[in-house]
Ligand code: NAD
């Protein structure tokens with residue numbers, strides 16, 4: 001099948017490559033030409049705008065940073081809707097505000113384009129392995145139609161509800177991940193300051209109730225002082241911003257999310273925005289003047 005793929009960053013590149021490996025013909029676009037070139041080397045065809053992708057393909061996947069990027073790629077002057085034929089399916093796999101998914105889907109429906117939101121969890125390693133967790137929202141018949149394609153990129157996919165429900169689920173996921181990294185950082189700073197080797201603490205507690213996928217992924221990075229992204233602090237600021245705005249609009253106060261947001265804001269202001277979100281540990285390291293290292 002001919003599939004359009006727009007947004008070839010940390011996540012989009014391996015996801016697109018997995019579709020090529022499964023035998024699909026890909027037409028790709030990104031504003032960064034090096035990213036397009038890498039996919040062309042892997043077997044894809046280059047397009048020079050989102051419109052061109054839409055003119056070539058009846059199924060289009062987007063994997064972009066945030067709501068404004070998706071709006072510009074879909075609704076913009078040379079966007080998908082200026083080239084898409086009625087009946088085209090759009091799967092937006094970016095993590096964006098649920099309200100933006102709803103607005104974009106409405107504009108798509110007006111042009112006869114069917115859209116679902118299908119953000120992912122799992123990060124770059126799982127994007128490479130094709131084992132992402134996918135959470136989708138929108139018309140269930142569209143979801144069923146593209147399920148097999150989703151499962152070439154993911155190990156699981158769940159239809160969570162109407163359009164935007166995928167991104168609402170993703171916001172819940174991002175709140176849990178951010179708060180978990182902060183909790184792990186705070187606890188490991190306590191044990192480090194008290195003189196216990198963080199590697200021993202990790203080995204001792206990872207199998208108990210405090211253990212988590214987040215701890216397993218992030219403590220090895222923190223103890224090695226490796227904050228290469230991964231998932232960037234600036235992207236997590238974007239997600240918590242969307243979570244706080246959504247929380248306020250539905251009447252769900254998020255006091256812990258607000259506190260971790262300020263930690264991320266401090267790191268951004270101090271020049272760490274492009275570091276991995278495991279860098280929340282750096283906030284604690286700056287507070288106490290001690291590093292959590294093996
Ligand atoms: P990224 O910044 O590495 O990639 C985004 C890509 O979109 C870039 O290559 C950029 O050039 C391209 N782009 C931006 N504007 C564009 C436009 N107008 N037209 C065409 N291309 C454009 O980000 P990422 O880490 O790949 O994340 C993508 C999405 O997936 C984000 O919403 C993020 O929150 C989510 N996500 C990321 C991870 C992770 O671990 N990195 C995990 C789960 C979900």
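Taking 0.36 nm per residue of separation and subtracting the Cα-Cα distance, full extension of the segment from residue 256 to residue 31 would add 77.4 nm. Between the beta carbons of residue 228 and residue 99, assuming R0 = 35 Å, the FRET efficiency works out to 0.60 to the nearest 0.05. For the pair segment 135-158 and segment 220-290, the centres of their Cα atoms are 30 angstrom apart.
Remark: relative contact order (the chain) = 14 percent; criterion is Cα-Cα distance under 8 angstrom and separation of 6 or more residues. For the chain, give the share of DSSP beta bridges that are antiparallel, in percent and rounded to the nearest 5; count only bridges with both residues there. Percentage antiparallel, nearest 5: 15. What do you get for the angle between helix 233-250 and the principal long axis of the chain? Use alpha-carbon atoms, 0 to 90 degrees, nearest ten. It works out to around 80 degrees. GNM on the chain, alpha-carbon springs under 10 angstrom: the most fluctuating residue among 79, 43, 208 is 208.
Highest mean packing comes first when the peptides 212-220, 143-151, 193-201 are listed by Cβ atoms within 10 Å, giving 212-220, 143-151, 193-201.
Which of 23, 83, 273 moves the most in a Gaussian network model of the chain with Cα springs under 10 Å? Answer for the Gaussian network model of the chain: 23.
Legend: calculated FRET efficiency, residue 56 to residue 287, from the Cβ-Cβ distance at R0 = 45 Å, rounded to 0.05, equals 0.30. Both radii were evaluated on the Cα set of segment 66-148; the Rg over Rh quotient, with Rh as the Kirkwood radius, amounts to 0.98. The distance between label points at residue 274 and residue 155 comes to 3.1 nm (points 7 Å beyond Cα on the Cα→Cβ vector).
Expressed as a fraction of 2.2 N^0.38 Å, the value expected for a compact globular protein of N residues, the C-alpha radius of gyration of segment 1-67 is 0.95. Here the spin labels are modelled as points 7 Å beyond Cα on the Cα-Cβ line, and at residue 148 and residue 213 they lie 2.6 nm apart. Computed from Cα positions, the angle between helix 213-224 and the longest principal axis of the chain comes to roughly 60 degrees.
The mean sequence separation of alpha-carbon pairs under 8 Å and at least six residues apart, normalised by the residue count of segment 228-294, gives a relative contact order of 45 percent. Between residue 124 and residue 140, the distance separating the two model label sites (each 7 Å from Cα on the Cα→Cβ line) works out to 3.8 nm. Each DSSP beta bridge with both residues in segment 88-214 is either parallel or antiparallel, and the antiparallel ones are about 25%.
Among 44, 16, 187, which one moves the most in a GNM of the chain with springs linking Cα atoms closer than 10 Å? Fluctuation is largest for 187. Relative contact order, whole percent, for segment 1-50 stands at 38, derived from Cα pairs under 8 Å and 6 or more residues apart.
Counting helices only, and only those DSSP H runs with n ≥ 4, report the 222 nm mean residue ellipticity of the chain as the sum of -39,500 (n - 2.57) divided by its residues, in deg cm²/dmol to the nearest 500. Calculated at 222 nm, the ellipticity per residue is -16500 deg cm²/dmol.
If R0 equals 41 Å, the separation of the Cβ atoms of residue 203 and residue 1 corresponds to a calculated FRET efficiency of about 0.30. Return one number: the angle in degrees, 0 to 90 and rounded to the nearest 10, between the long axis of the Cα atoms of helix 165-193 and the longest principal axis of the Cα atoms of the chain. It is inclined by approximately 20 degrees.
Report D for the chain in µm² per second (integer): Stokes-Einstein, Kirkwood Rh on Cα pairs, 25 °C, 0.890 mPa s.
Roughly 124 µm²/s, to the nearest whole number.
We did not get these values from a lab; they are worked out from the coordinates using the rules stated. Quantities reported herein were computed from a predicted structural model and do not represent experimental measurements. Here Cβ is always computed from backbone atoms with ideal geometry, including for glycine, and neighbour counts include all displayed protein chains.
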